[in-house]
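What follows is calculated from the coordinates using simple rules that are stated; it is not laboratory data. Model, not experiment: these values are computed from the prediction. In this analysis, Cβ positions are derived from the backbone assuming ideal geometry, glycine residues included, and neighbour counts consider all displayed protein chains.
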Amino acid sequence: MGHGKKLQSASSSIHLSLDIWTSPNRILFLGICAHFVEQSQERLCKGLLALRTVGNHSGDEQFATLLPVLKDYGIQQKLCRVLGKYLQEEGIKWDPTYRRIFCIGHVINLAVQAFLFQNILEIEQLSSWDEIEVTEATEDEELQRQVTIYKIGPLGKLHNIVTHIRCSAGRTKEFKDLAGRLIPLDNRTRWNSWYHILYVVLQFDGAIDTYTKRHFAILEIEYLSPLDWERLHRTSKFLSLFNHATLKTQEDQATIDNVLFVMDIIIKHFEKALEEYRQKAPTYMVVQSYERNTQDLDDFDQIAHDLGKFARPASQDEYEDYNSESPYEIRTSALTWWCQD
């Protein structure tokens, strides 16, 4: 049975999830996925309906891209209803911005940005720069961005070096000849992009150093000293936990109990890092008191192992514990109760 017939004969409403990805050549693609219960096997199914180019990140643009796909599959009437519209029809006051449910991967990304750019850059600045990257930045805009992002420190220097490499076809080929590959460029909306750029760069530090020396007349202020490289190593180690946390909460793993546990791990990670910097101790974390050998665990698994020593609910599932508690007395409709502060 083809995908279209499976969708049209689904025994449940069809739920959609959308996400925008940027290709290496800076083209935006909207991924459209469907979630439904298949009629023949009565099991939950997921499928990629389309991967279409999209002009920007706005809701209007995404809907204009989505609608033709829905018509192609003939499933407009099978979709789960739009919650905001339904609540308005029921006369329930609804603030979609206040009531929206944030993606945990997005929240983790915001936490990383707050750590990296506190008192240096505003989120609005990063957003405007992302839009410029999709088109073409003028020379003045690019210079202003380089001056501002330089304030971040070694990470800012690295960003400017990578931007210099990628802004010219000739320089891109030159670096690719040195390293055998390109360095990914950081991006505000691309989760863990700062970690990914560090992960690659630290494997090809020699190529970065050689390239910077070849273009020293332009990149003198961006040159990475041994101390800068040491700080980049420490930053990469710190950010690696957030990358791990994102992977641990993706797709079907984004359950309430798992998300809450991962949030505990992230908070502990911040607290431990703050304490280590306060004591001017090495930034890597070594835990001596584990009941088993944890030397091969990364920061995420080390903290998860520590937290696992604490007593957890008898069911091991906070969602189940919440559902099994004595019920609240509700004198209004469930939707009205849910929407109240």
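Report whether or not Ala207 is under 24 Å from Phe115 (Cβ atoms), surrounded by 14 or more Cβ atoms within 10 Å (Cβ to Cβ), in contact (Cβ under 8 Å) with a residue 12 or more places away in the chain and among the aliphatic types (A, V, I, L, M). Give the derivation first.
Working: under 24 Å from Phe115 (Cβ atoms): no; surrounded by 14 or more Cβ atoms within 10 Å (Cβ to Cβ): yes; in contact (Cβ under 8 Å) with a residue 12 or more places away in the chain: yes; among the aliphatic types (A, V, I, L, M): yes.
Criteria not met by Ala207.
Picking from Leu49, Leu66, Leu18, which residue would you name as being touching a residue at least 40 places away in the same chain (Cβ under 8 Å) and touching a His at 6+ places or on another chain (Cβ under 8 Å)? First the steps, then the outcome.
Details: Leu66 fails: touching a His at 6+ places or on another chain (Cβ under 8 Å); Leu18 fails: touching a His at 6+ places or on another chain (Cβ under 8 Å).
Only one candidate passes the filter, namely Leu49.
Which members of the range 171-218 meet the condition of being assigned to a helix (DSSP H, G or I) and closer than 20 Å to Gly105 by Cβ?
Applying the first criterion (assigned to a helix (DSSP H, G or I)) to the range 171-218 yields 171-179, 193-201, 205-214, 216-218.
Residues satisfying the conditions are Ser193, Trp194, Tyr195, His196, Ile197, Leu198, Tyr199.
Those residues that are without any contact (Cβ under 8 Å) to a residue 12 or more places away in the chain and either surrounded by fewer than 17 Cβ atoms within 10 Å (Cβ to Cβ) or outside any helix (DSSP H, G or I) (or both), I need them from the range 240-262; list them, please. So that I can check it myself, show each step before the final result.
Let us first name the residues in the range 240-262 that are without any contact (Cβ under 8 Å) to a residue 12 or more places away in the chain, namely 247, 251-253, 258.
Scanning the range 240-262 gives Leu247, Glu251, Asp252, Gln253.
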